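Have a look at the structure below before the remarks.
The values are calculated or read from the model by the stated rules, or taken from the named source; none is laboratory data. Since we're looking at a predicted model, the values are computed, not measured. Here the Cβ positions follow ideal geometry from the backbone for every residue, glycine too, while neighbour counts run over all protein chains shown. SASA here: full protein model, heavy atoms, side chains in, ligands and nucleic acids out. Shrake-Rupley method; radii C 1.70, N 1.55, O 1.52, S 1.80 Å.
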Amino acid sequence: MCIRDRDEGDNLYVIDSGTLTCVRQMAPDQEPKFLKDYQPGEAFGELALLYNAPRAATITAKTDCILWSLDRATFTNIVKNAAMKKRSKYEEFLKSVKIFGTVENYELMKVMDAVKPMEYKAGEVLIKEGDEGNIFFLLESGEAIATKNLDPAKPPQEVMNYKKGAYFGELALLKNTPRAATVTAKTDCVCLTLDRHSFKRLLGPLDEILKRNTEVYQRYVSKPQSNQQLYHNNRG
């Protein structure tokens, strides 16, 4: 066992090799809940150092492991200020995104650490239909539209209108298929992005929610005109 839920935390750990399992005791009379497996290149243990709080979960070696550790004083000097500033910046926005409504605060903080902001000018293409998909997008500000070639004899048709708090790009990552539509910035936009690896690692528990939303999308693109008002009401 590397760290135990509710113990005092003095170190941040970075995984050099091996796999570790993270669980959390939600209630005294319940079995510990599995949260995730940690892989090489990932870090854990920072929450107790950032917030001067007890450990938020128990992490146990699943295989033989080699870890690098960073003590509290070094962590504070090097990492804490930058990490706190980033989490403070994105916390309110991410909590407003519907798919994160059921996510544990512990998991949401991991998303805050992993997202990367990207800026796009009005008219710039974010996703191109038919391309390989490796990025998931959360629209932090601005508007974007999705267009799709529904009839080869006609120009691409608008099928989605994204506003702040919307997300897109998950379809290609969930199904390992090419991009299903082209997404273009309608105004200047800022997106928070997750690469394929981070998407699978952090949003794996949300697969079912994301898949339900892709079913709505499939119905929408099959009858774009009749579903347009429904979409704007649900997402706008």
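Okay, here's what the table says:
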item	result
Dipole magnitude of the chain, debye to nearest 20 (Cβ charges: Lys/Arg +1, Asp/Glu -1, about Cα centre)	660
Cross-link partners of K154 among lysines (Cα-Cα below 23 Å; sequence separation of 8 or more within a chain)	K128, K186, K223
CD proxy at 222 nm, helix term only [per DSSP H run n ≥ 4: -39500 (n - 2.57); per residue of the chain; nearest 500]	-9500 deg cm²/dmol
Of V159, V79, V183, the one that fluctuates the most in a GNM where the chain has Cα springs shorter than 10 Å	V79
Distance violations [Cα-Cα > 24 Å] among K85/K175; K95/K164; K85/K116	K85/K175
For the chain, Kirkwood radius (reciprocal of mean inverse C-alpha pair distance, Å)	19.6
Under 11 Å, Cβ to Cβ, from L49 - net charge with Lys/Arg +1 and Asp/Glu -1	-1
Percent of alpha-carbon pairs separated by more than 16 Å within region 39-138	69
Residue-span extension gain [N81 to E104] - 0.36 nm each, minus C-alpha spacing	6.0 nm
K121/E158 FRET efficiency (R0 22 Å; Cβ-Cβ; nearest 0.05)	0.70
Charge dipole (debye, nearest 20) of region 1-126; +1 at Cβ of Lys and Arg, -1 at Cβ of Asp and Glu	420
Calculated P(r) of region 91-150 - Cα pairs past 17 Å, %	52
Dipole axis of the chain (+1 Lys, Arg; -1 Asp, Glu on Cβ), positive-most option in Y51, N161, V97	N161
Carbon and sulfur %, accessible surface of the chain computed with the full protein complex present, 1.4 Å	51
The chain, accessible area per residue, ligands and nucleic acids excluded (1.4 Å, Å²)	55
Cα Rg, Dmax (largest Cα-Cα span) when computed across region 1-98, Å	14.3, 40
